[in-house]
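The values are calculated or read from the model by the stated rules, or taken from the named source; none is laboratory data. None of the values given here were measured: they were computed from a predicted structure. Ideal geometry is used to build each Cβ from the backbone, glycine not excepted, and the neighbour counts take in all protein chains shown.
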Amino acid sequence: MKKAFNSIAIFVLSTVVCMLSCSSEAPGEEPKDELKEPGSDISEQVQLYDWEKNRTEMLNSTDMVLIYGGDRSREPYEWTTEAFEPYVKYEDQKGKSHWMFDAFVFLELGDSEREVMYTYYTYDKPSYTSATKNDWKRLVDYYFSSNTGIGALNRAVANAQNTLGNQPKKRRVVIAIPEPIRYKKPGEMSSSTIYWGTVDGHIIDFSKNEDRIAACKWYVDYVRSKFNEMQYKNVELAGFYWLYETVDPGKDEELIKGVRDYLEKFKYNFCWAPFYKSTGHDKWDKLGFNTAYYQPNYFFNPDKSIQQLKDACQTAVNKNMDMEFEFDYRALTKNDPNGFYAARMRDYMSVFKEYKIWDHKFLAYYQGLNNFLSFKNSSDSKDQALYHEFCEFVITRPIRSK
């Protein structure tokens, strides 16, 4: 009996020792997911990667371009190094090279192949359902493909440095956070709120804001882990972009603040681009965003006069917002032989200068899929003139030298 007791004691002791020793992470190991209890106190300690430990302040950018990708219906589907090169380096009409955009937002609205949406308001497609955890993961994996996406951007910067020398600062990457849409069938309140997946074994229920926050924290951590895995030399993770462009009062405020509080731990910039007069646009800072790029929505609406663009600029000045510059395929001569949309694109340049947006504000650039590249590659003389005019508008902004 005594012998049996001693054997049991030795077994228990060895088990405890093993548990204690096995709980310690090996050097260089990824931080473990800290979401042990979804909805738990977000003030708890989190582990940082080296670049996060060394960061002393939140990173901003002067000229941030939106890079859409991940929907199989987009053509081209993949962003290659060759495609990114003009976004990184601009060669002017005298043959001199310049750094172009300093930040890149990777985002997507939905996936037509899987018939899922990453944000609700954009789509009016009855067959689509809300994206699940697996869809969110698949999108991140698309961004972090070794040969395309962020990896291609990293190589494009390396190529530009062969001409321009070392960049003054790393090009910055911002990743959009999909909207944790409440219902599996968006807009249908009778549809299930339990569809997304699990975090640490906890079944996520999007009727609860603490679970919506937990899903977003999982997404942020997955992005962070992928960035750490790839070890890029020429780009850095600067922040996250809130995809939903308006606010559902009484439903989203707690969610946004919860995500903001988590991002603050890593000094990540929390960006938002509310559409013209969207709910909450004038309270963007109180909602919890660090940066808000106000959309004039003038380019797309031919019935709107230039006054809407001017009003948007005045709102940005009054509310201390930054702004979005908007254009797409419609401004190309082959689609716009009379130059109507090209003129509207030029209106942004002139009005932004009139209201000192050009001088002092951070700008985000909406270009549709890859229409900046379409302008660059166009053989039409009018397109080339507008392309160089736009590039000069970007690279000569006074805020870039501050």
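Summary table below
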quantity	calculated
So Gly149, is it on the phi > 0 side of the Ramachandran plot, surrounded by 15 or more Cβ atoms within 10 Å (Cβ to Cβ) and at pLDDT 95 or above	yes
Index of the failed condition, Glu392 passing every other in (1) within 23 Å of the chain's Cα centre (by Cα); (2) of a type outside the set (S, T, N, Q); (3) part of a helix (DSSP H, G or I)	(1)
Arg330 vs. criteria more than 21 Å from His98 (Cβ to Cβ), at pLDDT 95 or above, crowded, with 22+ Cβ neighbours inside 10 Å and among the charged types (D, E, K, R)	no
Count of residues meeting criterion [surrounded by fewer than 20 Cβ atoms within 10 Å (Cβ to Cβ), part of a helix (DSSP H, G or I) and under 17 Å from the mean Cα position of the chain (by Cα)] in region 263-304	1
Selected residue (only one of Thr81, Thr119, Thr148, Thr163 is polar (S, T, N, Q), touching a residue at least 40 places away in the same chain (Cβ under 8 Å) and within 27 Å of Val199 (Cβ to Cβ))	Thr119
Those residues of region 51-67 which are over 18 Å from the mean Cα position of the chain (by Cα), under 22 Å from Arg400 (Cβ atoms) and not hydroxyl-bearing (Ser, Thr, Tyr), in sequence order	Arg55, Glu57
Inter-residue pairs, beta-carbon under 7 Å, first over 25 Å from Gln161 (Cβ atoms) and in region 221-240, second among the charged types (D, E, K, R), 6+ apart	Asp221/Asp33; Tyr222/Lys137; Ser225/Glu30
Checking Asn159 against (1) closer than 30 Å to Lys96 by Cα; (2) of a type outside the set (D, E, K, R); (3) assigned to a loop (DSSP other than H, G, I, E, B), the condition it does not meet	(3)
Single residue of region 305-362 satisfying the filter (over 23 Å from Lys286 (Cβ atoms), charged (D, E, K, R) and not in a helix (DSSP H, G or I)) that is nearest to the chain's Cα centre (by Cα)	Glu326
Search result, residues across region 242-262 that are surrounded by 22 or more Cβ atoms within 10 Å (Cβ to Cβ) and either closer than 30 Å to Ala152 by Cβ or among the small types (Gly, Ala, Ser) (or both)	Trp242, Tyr244, Val259, Tyr262
When residues of region 363-389 are limited to those that are part of a helix (DSSP H, G or I) and of a type in the set (Asp, Glu), the one surrounded by the fewest Cβ atoms within 10 Å (Cβ to Cβ)	Glu389
